[in-house]
Amino acid sequence: MARGAPRPLEAGQSQGTSESARHVAHGSRRGAESGNRDSFFFVDLPLGPAAPPERLGEIRRATTVRKQGHDTQHIDAVMHELARVPQLREFAEQVLTHPRSFAFSVSNVPGPRHRVCVQGVSVCALHSLVEIRENHALRVAALSYANTLSLGLTVDPTLVVDVDDLAEDMRIEAAALIASVMSR
C-alpha cells in the first residue's frame, strides 16, 4: 500500500530514485497524567519494483529501528526545549512540516478486533480522515476495526488531481499484500 500512494508522483522523479522520506505520525506516551502526546519520526519508504511483502518488510525494519531508538521521544524533547526560543521552534516546525512531504498517520495501537456497540447499536465500520495543511498534497489515515483496515485519503485537489487512481493503486497493492500473506 505504501507503494500505491507515491507511485503517481514518482513519474516526475529521476529513474534512479528508489526511496522517499515520509513523515510518520506516532503516539508517544509520556505518563499516565499527561495521556498520549502526538509525535513523529521519518522513515524512508521504498519506491522500487520490489513486491509488496518485501517493501512492507523494509518499512517494518526501519520503523522498528526508529521505535527502538526512541526517535519520537527525542524529537518531542527537542521541540519542548525549542519552545524556550519561539523563533527556533517556529523554524523547526516549518522544516519538519514542509509541504513537499507526505504525512502518513499511523497508529501502533490496533482498533477493536470485534464489533462494538454505541448506545445499543452495532458499529458497522469506522473510517478516518486527517486534516491537511495548506500546500500539502496528501495525508493518509489508517484505522483498523473488526479485523478490517480502513484508509482515508485527504488531498489538495490542486496538487493531486487523480485521487481515484491513487486509491485504486492502493487497493491493488493491498490485495497483492493480502494474497502473498494468504499463500504462506
Quick one: compute a quarter of the convex hull surface over the Cα atoms of the stretch 38-168 and quote it in nm². 11.0 nm²
Leu88/Leu149 FRET efficiency (R0 41 Å; Cβ-Cβ; nearest 0.05): 0.60
Between Cys117 and His70, what FRET efficiency comes out of the Förster formula 1/(1 + (r/R0)^6) with R0 = 35 Å and r the beta carbon distance, rounded to 0.05? 0.40
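Laboratory data are not the source of any read-out in this text; all were calculated from the coordinates shown. These numbers were taken from a predicted model, which means no experiment stands behind them. Every residue, glycine as well, gets a Cβ built from its backbone with ideal geometry; the counts of neighbours run over all protein chains shown.
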